Amino acid sequence: MEKFFKLKQNGTNVRTELLAGLTTFMTMAYIIALNPNLLTNFGAEGRPLWNGAFLATCIASAIGTICMGLLANKPFVMAPGMGLNSFFAVVVSNIAAVTGFTYLRSFQSALVIILVEGVVFLALSLMNVREKIVAAIPLGVRLGIGPAIGLMLMNIGFGSNAGIYSETGGPFFAMRDFFGALTAAFGKAQMGSGHTAMVLSVTTMFLGLFVIVALDHRKVKGSVLYGMLAASVLYWAGEALLLHVNPFESLREASFVPPFADMAQTTLFHVDFPGFAQIGWFTVITLIVTFCVIDMFDTIGTLVGTASRAGMLDKDGNMPGMRQALLSDAVGTVAGALTGTSTVTTFVESASGVAAGGRTGLTAITAGVLFLLCVFIAPLAAVIPAAATSSALIYVGVLMLGNLRKIDFEDLSQLLPVSVMLLAMPISGSIGHGIGLALISYTVIQCCTGKARQVSPLTCILSVLFLIKFFVPV
């Protein structure tokens, strides 16, 4: 194991890597239930399809993540990307409306788009084209990706990770509806019974954060994981005492038997090429390009940003083993299409495992094995409260802001694109969109200041492609 993963060379050990893998998995375990919910309209399209998408989520995530560990020896974990899964669901609905197909057949037709995307990425990765695209991103922008992702993680943790519903509506979010309320009375009037749940969520979030910080200050390995566990215990106790809810009620009737029959019937290798051909070639090409652009820059941004936090970038801002990491990402997407889920991509929550000390592929393999086990124990992963996950996301987000010190604040050609990216990522919720706006800003500034020759042709091409993407509706 030492020889394969080079643990000592990377300043880590088996225990740290296992804890880091578990930390990452717990931080992103929400995707196991949320992804099939989004892909099937929260189960409205029938239980067999939901079960198929659920198993596909676990299996494709495991395949991509284990490939990342074995091929690239990097601590990055993959799963069906948020945003991309919602977009996929919209595409499926549009296919059903245009063709008259059932939702299931539309779903199977749309999987062809994901398969083509994955094959394209496999080819581009093998030909080093994706690696060249990474190199085309200016150094200042690359250095700013990590802090921008950090702000996005903090936004998710503080804002949207634990939406609360009540009889007065919802979802209510901590930064908007709780901290945004002028008085406690106003908050109660606005949120109704959801106010108590919000108090519990906010208390849990900060307790977990403070425990993580305190343990990290004492150099305790696995501080992120222990903080999440402390927050979970508090939340479960609060649910029982304040909300009068049994936090483990869902386990009472939960099934631990994997529904492989449903998967075989609905999603496994059910890639509908004839249905795909009826969508219309212009629409198909546009959708494939859109998925490719979003996924490519989300993945690049996550890899570069997280690698920067882990100290894995060289002096030129490049990550050794980028080709293998991108190849693993492509394998995950192909596996997702063949098993029945939307684009599988590198998750920004991988930063939580890096913060816990994960530095090698053993972290990724640990998380990948846990995804496979979730085929049998998914109900257990579902009881992890979102508020506990928020603690880890906020902590990791704060750590990732540290890379701002590497930005030359005297150079506007660096400062302005990075500033735009710092705002764009958390507001849009898209790493790719943030990078796109930064590239456009960088290119325009260089041209306006007489430094157009310093902009590489590939950077110009990427900027134009993003302009087209932003202004041409799909």
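Filtering segment 33-82 to residues that are touching a Ser or Thr at 6+ places or on another chain (Cβ under 6 Å), surrounded by fewer than 24 Cβ atoms within 10 Å (Cβ to Cβ) and within 18 Å of LEU115 (Cα to Cα) leaves only ILE59. Among all residues of segment 103-113, there is none that is buried (at least 21 other Cβ atoms within 10 Å of the Cβ), in the same structural domain as LEU34 (by TED's automatic domain parsing) and closer than 16 Å to THR299 by Cα.
Residue-level analysis places SER223 among those that are touching a helix residue (DSSP H, G or I) at 6+ places or on another chain (Cβ under 7 Å), hydroxyl-bearing (Ser, Thr, Tyr) and over 30 Å from GLY118 (Cα atoms).
Determine if segment 235-244 includes at least one residue that is among the aromatic types (Phe, Trp, Tyr) and crowded, with 20+ Cβ neighbours inside 10 Å. Yes: one or more hits. Does any residue of segment 444-452 turn out to be touching a Phe, Trp or Tyr at 6+ places or on another chain (Cβ under 9 Å) and either of a type in the set (D, E, K, R) or surrounded by 15 or more Cβ atoms within 10 Å (Cβ to Cβ) (or both)? No, segment 444-452 has no match at all. Checked against (1) in a helix (DSSP H, G or I); (2) without any contact (Cβ under 8 Å) to a residue 12 or more places away in the chain; (3) under 24 Å from the mean Cα position of the chain (by Cα), ARG176 passes all but a single condition, namely (2).
Among the candidates VAL233, VAL284, VAL289, VAL257, single out the residue that is among the β-branched types (Val, Ile, Thr) and assigned to a loop (DSSP other than H, G, I, E, B). Result of the check over VAL233, VAL284, VAL289, VAL257: VAL257.
When we screen GLY368, GLY358 for residues that are buried (at least 22 other Cβ atoms within 10 Å of the Cβ), at pLDDT 85 or above and assigned to a loop (DSSP other than H, G, I, E, B), the only hit is GLY358.
The values are calculated or read from the model by the stated rules, or taken from the named source; none is laboratory data. This is a predicted model, so every value here is computed, not measured. Here the Cβ is made from the backbone with ideal geometry for all residues, glycine too, and neighbour counts use every protein chain on show.
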